[in-house]
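Take a look at the structure below.
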Amino acid sequence: MVQSSVLGFPRMGVNRDLKKATESYWGGKISQRELLAEGKRLRGEHWKIQKEAGINIIPSNDFSFYDHVLDHIQLFGAIPEKYSKHNLDPIDEFFAMGRGLQSPHTPEAAAVDVPSLEMVKWFDSNYHYVKPTFQDGQNFKLSSNPKPVAEFLEAKEAGIITRPVLVGPVTFLALGKADRDQNVVPISLLHKLLPLYEEILVKLKEAGAESVQIDEPCLVLDLPPKVRNAFKPAYDKLSSLGGKIPELVVATYFGDIVHNYDVLPSFSSLHGLHIDLARNPEQLETVIGALGEKQLLSVGVVDGRNIWKANFKKAIETVETVVQKLGKDRVIVASSSSLLHTPHTLASEKKLDEDVKDWFSFAVEKTKELAIIAKAVTDGPASVREELEANAKSMEAKATSKRTNDPKVKERQSKITEEMFNRKSPFPIRIAQQQEKLNLPLFPTTTIGSFPQTKEIRIQRNKLTKSEISEEEYEKFIEREIEDVVKIQEELGLDVYVHGEPERNDMVQYFGERLTGYVFTTHGWVQSYGSRCVRPPIIVGDISRPAPMTVKESKYAASISKKPMKGMLTGPITCLRWSYPRNDIHQSVQAEQLALALRDEVVDLESAGVYVIQVDEPALREGLPLRQGLERDNYLSWAVKSFRLSVAGVQDSTQIHSHFCYSEFQDFFKAIADLDADVLSIENSKSDAKLLKVFVDEAYPRHIGPGVYDIHSPRIPSEDEIKDRIEEMLQYLKPEQLWVDPDCGLKTRQWKETKAALTNMVNAAKFYRQKYSKSS
């Protein structure tokens, strides 16, 4: 028979149960025992869902209280000394690495003050993983109660034999980095790490595991020779263990692996190989040719990255092609990747129009799709005739729906000219006019946009949704919040203010709700990092802006501010990438539609007296195709043009800012420069300041604000710590270029820590302002 498999299941639960439990634990509202019990309940519930759907191969060890890579950091004892020296309880040490820890001295315990480890995007998804950080002389040690074994046994006790999931040894090392001031090359540690994989696999075999999924997604990347060459010794060693360990299935996803064809023989003696055919179906024939004589192929035909129903006809045809070449017993029907990137279940959505809802499939529904496809191939289409007919009707309804096409939008796109992509004058002329208008000091300070979203803000927003207060009452409440935020910024001494975004639920959803072409879920939450969940909008049709979206709040904020007010918008690529995009037209078309809508908003903000406008593009790096080549070049071309189209309608004296997550710009620096933003703010507090050298090497002429402290952690950086960061930055940037700001928005933080951190930031900026004023 053709078996069905899920590579991983969402962790949060149907009602974001894990988020609520972890945040309650951090806040001291529940005990560690209660937290662990909730984790066990969720795992059991998720295994049961998959079993009842008819899934044959169910994963374990895909659950995490924060991040699965962080789980492996702790599993292998790759814990930096700044955490291990405090002898924290394992779960508290785990969270300290994920989010930092700042606790005062008590009679029972010494003071702890540690930042979090660096967190970056998981390949080109919107999920963040914690980056392994290695030391010179790094050693590894398996934890005393290995999580993969414990969770396998937990499922076994519940009557479910699972397939444990491990991040592969090559990917674990390849995605890591040397700690600051360390010279270790992570992949050189393979010989030290492999014995721990042997040990954990032997333990899993002894526990009763029949097979183990080893995730090696770095195979879809352009790999340095040392990493490419690491696969053969790693998997030769694991293969040599034979019956001492479970059967191994190496899983790849998010791209094709054909360019690493010479690596594939390294896996030929293993039980199976998984490939992502939702993303790259063209790799199938080549991969089949590289399989071992008895090796299984797991085909990812149900997309783990989007919410559209699988096209059963196409999926079944693909699987049958594989079956004809390999036979049914050598084929597994699988999700393309973990379902971590999809919401929990469509059953929770009570407000979606039924015609549109019929186009979607969330994690629970995707497990059923996999079982149906496997059954159709095993027992024939007649065994699932009703399901196939219903699916065909859904595909036809979506393809012919009038909701997807707006002739007016297409007409406007056809009238775009080259002049619309360019500002009126080059940067030197613009910055002179902006300085005259804004009168900013050296080392100007600002924030990235949002301020803490308090419980009271959420309560009032919820009351409006339930019609318990009027629109007018809600607007008055928002005005009072804006007044408070402006006053706080005055007291802090910031130089460019923001209105705080109290009216916004999410930086993409807020805009999507004010644009045509979008639909929204009420429970479609997905994990972004740790306990942070987002509810991505869904693009179902052509996009336009019926009316101004942010002008009212920004205009009011500017009217009560003594200093420049910054208007805050989310850029076209981020609106696209942090939504579920349409799968019937190219993403470049959707980005252009978003850019035209935002262009109208930017011009309206300027007309309303807002002369600093930030158009955030944190997802630009995330959307970058994973490999060098024509696909990447084409993406950067249309992504940059979309940004420029959105901002180029303003006067030279209006200052355009943009914000980006992460400082890994080396691969596409030219595109960053081509955006032509007047001020670029980047997440940088966890990165080595040496990464800023690219701005020097490329003679970047415009202004830059590398983040000086991490906003993902509640930890408060000291003034001296921020001064040190600024000093490092000044090794690479000119004083007249440098802005001082946090890493990102402050929405998820509390007011007490926010004020304290910003006070230290402003004081540090004033120190350098005074220092360089004297020297000049």
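For the chain, the longest principal axis of the Cα atoms and the long axis of helix 147-157 meet at an angle of about 50 degrees.
Taking Lys20 as the anchor, which aspartates and glutamates have their alpha carbon closer than 18 Å to its alpha carbon, excluding any fewer than eight residues away along the same chain? Filter leaves Glu34, Glu38, Glu45, Asp67, Asp92, Glu456. Size of the stretch 1-75 from its Cα atoms: along the principal axes, largest to smallest, the extents are 50, 27, 17 Å. With protein chains left intact and a 1.4 Å probe, residues in the chain average 39 Å² of accessible area per residue.
Ellipsoid semi-axes for the chain, based on the Cα gyration tensor and the rule √(5λ), read 42, 32, 26 Å when sorted largest first. A Förster distance of 25 Å, applied to the separation of the beta-carbon atoms of Lys415 and Asp600, puts the FRET efficiency at 0.95.
Could you check how much of the accessible area of the stretch 585-711 is carbon and sulfur, as a whole percent, using a 1.4 Å probe? Carbon and sulfur atoms account for 48 percent of the accessible area of the stretch 585-711.
Residues whose amide H lies under 5 Å from that of Gln295, counting only those 5 or more places away or on a different chain, are absent; hydrogens are built 1.01 Å from N in the peptide plane.
The lysine pair tally for the stretch 136-211, using Cα distances under 19 Å and a gap of 8 or more places or different chains, is 10. Placing one identical point scatterer on every Cα of the stretch 205-265 and ignoring solvent, what is log10 I(q)/I(0) from the Debye formula at q = 0.13, 0.19, 0.29 Å⁻¹? Values returned for q = 0.13, 0.19, 0.29 Å⁻¹ are -0.39, -0.76, -1.28. Number of Lys-Lys pairs in the stretch 397-517 with C-alpha atoms under 18 Å apart and a separation of 8 or more places or on different chains: 8.
Of all aspartates and glutamates in the structure, the ones whose alpha carbon falls short of 14 Å from that of Lys328, not counting any fewer than 8 places away in one chain, are Glu317, Glu320, Asp379.
Under 5 Å from the amide H of Asp542 lie the amide H atoms of Asn405, Asp406, each residue being 5 or more positions distant or on a separate chain, with H modelled from the backbone and absent for Pro and chain starts. Taking Cα atoms, how many degrees apart are the long axis of helix 32-53 and the longest axis of the chain, rounded to 10 and kept between 0 and 90? Orientation of helix 32-53: about 60 degrees from the principal axis. Between the Cα long axis of helix 719-729 and the first principal axis of the chain there is an angle of about 80°, rounded to the nearest 10. Based on the Kirkwood approach, the hydrodynamic radius assigned to the stretch 537-607 is 13.4 Å, with every pair of different Cα atoms included.
Backbone geometry of the stretch 202-218 corresponds, through the Karplus equation with coefficients 6.51, -1.76 and 1.60 at θ = phi - 60°, to 3J(HN,Hα) couplings of 4, 4, 5, 4, 5, 7, x, 5, 8, 8, 9, 8, 10, 7, 10, x, 5 Hz, x marking Gly and Pro. Less than 5 angstrom separates the built amide H of Arg749 from those of Gln453, all sequence-distant by 5 or more or on a different chain. With all protein chains in place and a 1.4 Å probe, the accessible surface of the stretch 1-97 carries 48 percent carbon and sulfur. Rounded to the nearest 0.05, the FRET efficiency derived from the C-beta distance between Thr454 and Ala347 at R0 = 35 Å is 0.65.
Among the listed pairs Lys313/Lys393; Lys51/Lys357; Lys562/Lys766, those with a Cα-Cα distance over 23 Å are Lys51/Lys357.
The values are calculated or read from the model by the stated rules, or taken from the named source; none is laboratory data. Please read all numbers here as calculations on a predicted model, not as lab measurements. Reconstructed Cβ throughout: ideal geometry from the backbone, glycine too, with neighbour counts over all protein chains shown. Ligands, DNA and RNA are excluded from the accessible area calculation, which covers all protein heavy atoms including side chains. Shrake-Rupley method; radii C 1.70, N 1.55, O 1.52, S 1.80 Å.
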